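The values are calculated or read from the model by the stated rules, or taken from the named source; none is laboratory data. What you see is a predicted model; the values in this text were computed from it and never measured. FYI the Cβ positions are ideal-geometry reconstructions off the backbone, even for glycines, and counts take in every protein chain you see. These area figures cover heavy atoms from the full protein model, side chains too; ligands, DNA and RNA do not enter into them. Shrake-Rupley method; radii C 1.70, N 1.55, O 1.52, S 1.80 Å.
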Amino acid sequence: MTALSLKNVHKSFGQVHVLKDVSLDVEEGEFVVFIGPSGCGKSTLLRVIAGLEDASSGEIHITGRQVNLTPSSKRGIAMVFQSYALYPHLNVRGNMTLALKQEGQPKHVIAERVERASKMLDLGAYLDRYPSELSGGQRQRVAIGRAIVREPKLFLFDEPLSNLDAALRMNTRIEIANLHRQLGASMIYVTHDQVEAMTLADKIVVLRDGRVEQIGSPMELYNNPANKFVAGFLGAPSMNFFPADLLTPGDDRTMGIRPEALFVAGDGPLCVRVSHVEHLGGDTNVIAHADVHQITARLFGQHQVSEGEELRLGFDPGSTYAFDADGTRLH
């Protein structure tokens, strides 16, 4: 069954057209990530799905039922926010059980669900603590637990890790991935972090200026981007773009090549001058310039390269991408 189906969804705030003809499907049990730059409409789209904003036009179906006129509380969804949104006067148990009590669930059902969720999220020792007594990561786990106990048809995550430090983000990302495997639930996750998108998603929806640019699995989008925007947005460091006439005089296309596809070669076709080097231990990022165009090479291992040094870079011709003046991919 399709967990969510959007058909030609538009959203405007006055004269500002935020979502433009968005259509997509989320299958049952699928983990879908919405990604794009700030202002692309990804959080607005999530809020429209949740019923926190009304669509200006188009249809929203959750498990086969159109819900455009259905209030948020009746859509069978649970949302996890960036800000945790915990009640400070309630302990962990109270935060996790509040919605169930409001639904009128029996006490034994509430107890069973809280026990199961707290075990999944390793929160058993914290059930009597208050949010002020928890770390940021623990608070986020409580917010996720509060969503789990409702047993929703659809989980919605709105940049849930952006308030955490790098190490905690990685650990919580793994917890969310494990949680998805355990629950087998349909999840939609909004982020601007392409690492989160690539590591969590079954399917990625890339948004720009309120429109869907491309939909596909992480590797489909990484290996076969439809245009220059998608190619540059996914991948760290980002894909290099430069005029093709640096290599072939008279060629008016834009060439793209990923940093990891470049290597140092004495007879390489790309002559660059090194402007900066990042020694990361397992990798070395060499930032250089060919004429005025910045080129980043991600070299495996440790390399002794100096600022100001001239290098020749090689690559497999099959690893290049070509784009026209509008950014559409040619091959």
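Go through (1) part of a helix (DSSP H, G or I); (2) closer than 21 Å to K42 by Cα and name the single condition E175 misses. All conditions are met except number (2).
Selection over region 62-77 of residues that are within 19 Å of M1 (Cα to Cα) and either among the hydrophobic types (A, V, I, L, M, F, W, C) or open to solvent by less than 30 Å² (accessible area, probe 1.4 Å) (or both) gives a count of 5. If we scan region 102-111, do we find a residue that is touching a helix residue (DSSP H, G or I) at 6+ places or on another chain (Cβ under 8 Å) and in a helix (DSSP H, G or I)? Yes, region 102-111 has at least one match.
Scanning region 19-62 for residues that are part of a strand (DSSP E or B) and touching a residue at least 40 places away in the same chain (Cβ under 8 Å) yields a total of 19. Just checking, does region 268-278 include any residue being under 30 Å from V32 (Cα atoms) and either modelled with pLDDT of 95 or more or within 21 Å of the chain's Cα centre (by Cα) (or both)? For region 268-278, residues under 30 Å from V32 (Cα atoms) and either modelled with pLDDT of 95 or more or within 21 Å of the chain's Cα centre (by Cα) (or both): absent. Test each condition in (1) buried (at least 17 other Cβ atoms within 10 Å of the Cβ); (2) over 26 Å from Q214 (Cβ atoms); (3) in contact with a strand residue (DSSP E or B) (Cβ under 9 Å, 6 or more places away or on another chain) for T97 and report the one that comes out false. The failed condition is (3). State which residue is modelled with the lowest pLDDT when the search covers only region 158-172 and only residues that are in a loop (DSSP other than H, G, I, E, B) and surrounded by fewer than 18 Cβ atoms within 10 Å (Cβ to Cβ). Here the answer is N163.
Residues in region 243-263 that are closer than 21 Å to Q194 by Cβ, open to solvent by less than 30 Å² (accessible area, probe 1.4 Å) and part of a strand (DSSP E or B): G256, I257. Could you tell me which residue of region 124-149 is farthest from the chain's Cα centre (by Cα), considering only residues that are within 19 Å of A166 (Cα to Cα) and outside any helix (DSSP H, G or I)? So the residue we want is L134.
Applying the set (1) open to solvent by 40 Å² or more (accessible area, probe 1.4 Å); (2) at pLDDT 90 or above; (3) within 15 Å of the chain's Cα centre (by Cα); (4) closer than 28 Å to N95 by Cβ to V212 leaves exactly one unmet item: (4).
One residue stands out in region 20-61 among those that are of a type in the set (D, E) and closer than 20 Å to P152 by Cβ: the one that is most open to solvent (accessible area, probe 1.4 Å), namely E28. Give region 176-192 a look and list any residue that's surrounded by fewer than 17 Cβ atoms within 10 Å (Cβ to Cβ) and touching a residue at least 12 places away in the same chain (Cβ under 8 Å), or say none. Listed by number, the residues that qualify are A177, Q182, L183, G184. With the condition kept exactly as written, say whether any residue in region 68-90 is of a type in the set (K, R), part of a helix (DSSP H, G or I), over 27 Å from the mean Cα position of the chain (by Cα) and under 26 Å from F31 (Cα atoms). No: region 68-90 contains no residue that is of a type in the set (K, R), part of a helix (DSSP H, G or I), over 27 Å from the mean Cα position of the chain (by Cα) and under 26 Å from F31 (Cα atoms).
The residues of region 1-17 that are among the hydrophobic types (A, V, I, L, M, F, W, C) and surrounded by 19 or more Cβ atoms within 10 Å (Cβ to Cβ), listed by number, are A3, L4, L6, V9. In region 272-331, the qualifying residues are those that are closer than 22 Å to Y222 by Cα and of a type in the set (V, I, T), and the one that is most open to solvent (accessible area, probe 1.4 Å) is T328.
Taking region 139-157 as the range and being open to solvent by 30 Å² or more (accessible area, probe 1.4 Å) and either touching a strand residue (DSSP E or B) at 6+ places or on another chain (Cβ under 7 Å) or over 18 Å from A78 (Cα atoms) (or both) as the test, the residues that pass are R150, K153.
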